[in-house]
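To keep things clear, I will list the structure first and then write my remarks on it.
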Amino acid sequence: MGDLNGIIQAIMELIVAGIVGVIFYSIKKNEFDQDESGKDLEKMYILLFAMLIIEGVAYLIRRLDGGFAAFFVRTAQFLIYEANLAMAFLYFQYLKASLPREHVGIKIKRGGYAIYGLLYVGAVLVIINLFVKMMYDFDASNRIQKNNLFNIYLLIIALTNVIDFVLLYMHKEYLPKKRFWVLSSYCFLPFLAVALNFFSYGIAFGTFSIAAALVINFEYLMSSDDDEDDEEETDDMIPFEIERAHVESYIELEQERLGDKIQVDWDVKVTDFTLPPLSLQRFVENAIRYGVGRKYEGGLVVIKVEEKIGEIQISVADDGRGFDLSKLTESSDHYNSAHTAILEVEKNLKYACNGTIEITSTPNVGTLAKIHIPR
């Protein structure tokens, strides 16, 4: 009974595990986040619950005599270190799924490669430590002892947090402000825990920091003003260059998928104006997905931005399949996909800047979409 610190740690871990379990039950009961991001969030709660239980029991029994206590503590520590890496993987997946799908472009993909590479190195390091104690070991009282490579493991976790935040910051224009800061807590709090572990060990900073981030997220899901944040954010106007950057990321991703089938030309004569988010992107998506992307040989999309008398005019022209505007009914496939996006852009333009759109299309010839933004 001499390990008072271990008993206190165990009690804290098991209490937090209970809180996490209650929150998880509430999320399932209220059916929050039932999309792809919600599935990743559920996995994070389940993994954290298991980590807290395993770590709590390990603290309780680490001073017991006998081989079982030593075996359990060592196995638990191995699982906890691997689970921390798995949690970092799940958070990146959650971040990616939380962004609007049209903005998950080449930057997110490259950031993912960097994170996956770091986590792979970390996982291998933990496995190697089973045989060569370069990262950590245990003393006769089953207390963990840091070795030379322990800080490398911490650095790997910290770097994934940094990459996550950089990617999140690059896409913050397309998230409600509160949502951005909630997602940021998954970067800041584990990063702070890593910093504390550089100087101190014996307190479960990592699991507690993740638990705190999940509690913040739960408060956000329960918040009644979430929808108001979403509406406020969609009313914002953004600089054209930001919209262009996201469109270019989308185009890069599609060209990587479809290769030389997709050619895009830019003719930009003016850039000093603002527009509602996604105004240009929706039309570029339609031109690629439903125009040139559906032709076997592919085709060309031309994006032109110029200043006319009293307005900015943005045009997106493609030589794709085109469609018959007179047959655009609510029962048609094209209506249910492309036209829904067009209606959304038209509504946002009218509300935000009294802008208008104009569309002409000819089957097997192509489509021309124009956006008119008053100066």
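The values are calculated or read from the model by the stated rules, or taken from the named source; none is laboratory data. None of the values given here were measured: they were computed from a predicted structure. Note that each Cβ is placed from the backbone with ideal geometry, even for glycine, and that neighbours are counted across all protein chains shown. The area values use the complete protein model at the heavy-atom level, side chains included, leaving out ligands, DNA and RNA. Shrake-Rupley method; radii C 1.70, N 1.55, O 1.52, S 1.80 Å.
Quick look at the values:
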item: Pick from region 200-217, criterion open to solvent by 50 Å² or more (accessible area, probe 1.4 Å) and not hydroxyl-bearing (Ser, Thr, Tyr), ranking: modelled with the lowest pLDDT; result: ILE203
item: Region 352-364 residues that are over 11 Å from ASP324 (Cα atoms), paired with ones that are surrounded by fewer than 14 Cβ atoms within 10 Å (Cβ to Cβ) and at pLDDT 90 or above (beta carbon under 7 Å, 6 or more apart); result: CYS353/PRO374; ASN354/PRO374; GLY355/PRO374
item: Test: residue in region 100-121 that is open to solvent by 50 Å² or more (accessible area, probe 1.4 Å), aliphatic (A, V, I, L, M), more than 16 Å from THR207 (Cα to Cα) and free of Cβ contacts under 8 Å to residues at least 40 places away in the same chain; result: yes
item: All positions within region 100-147 that are of a type in the set (A, V, I, L, M), farther than 13 Å from LEU167 by Cα, in a loop (DSSP other than H, G, I, E, B) and modelled with pLDDT under 90; result: ALA140
item: Any hit, region 242-254, residues being surrounded by fewer than 16 Cβ atoms within 10 Å (Cβ to Cβ) and within 23 Å of THR362 (Cβ to Cβ); result: no
item: Unique match (being open to solvent by 50 Å² or more (accessible area, probe 1.4 Å), modelled with pLDDT of 90 or more and in a loop (DSSP other than H, G, I, E, B)) among ASP236, ASP272; result: ASP272
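Okay, residues lined up against (1) more than 25 Å from ILE108 (Cα to Cα); (2) modelled with pLDDT of 85 or more; (3) not hydrophobic (A, V, I, L, M, F, W, C):
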{"residue": "TYR250", "(1), (2), (3)": "no, yes, yes"}
{"residue": "GLU256", "(1), (2), (3)": "no, no, yes"}
{"residue": "ASP267", "(1), (2), (3)": "yes, yes, yes"}
{"residue": "GLY320", "(1), (2), (3)": "yes, yes, yes"}
{"residue": "ASP333", "(1), (2), (3)": "yes, no, yes"}
{"residue": "HIS339", "(1), (2), (3)": "yes, no, yes"}
{"residue": "ALA352", "(1), (2), (3)": "yes, yes, no"}
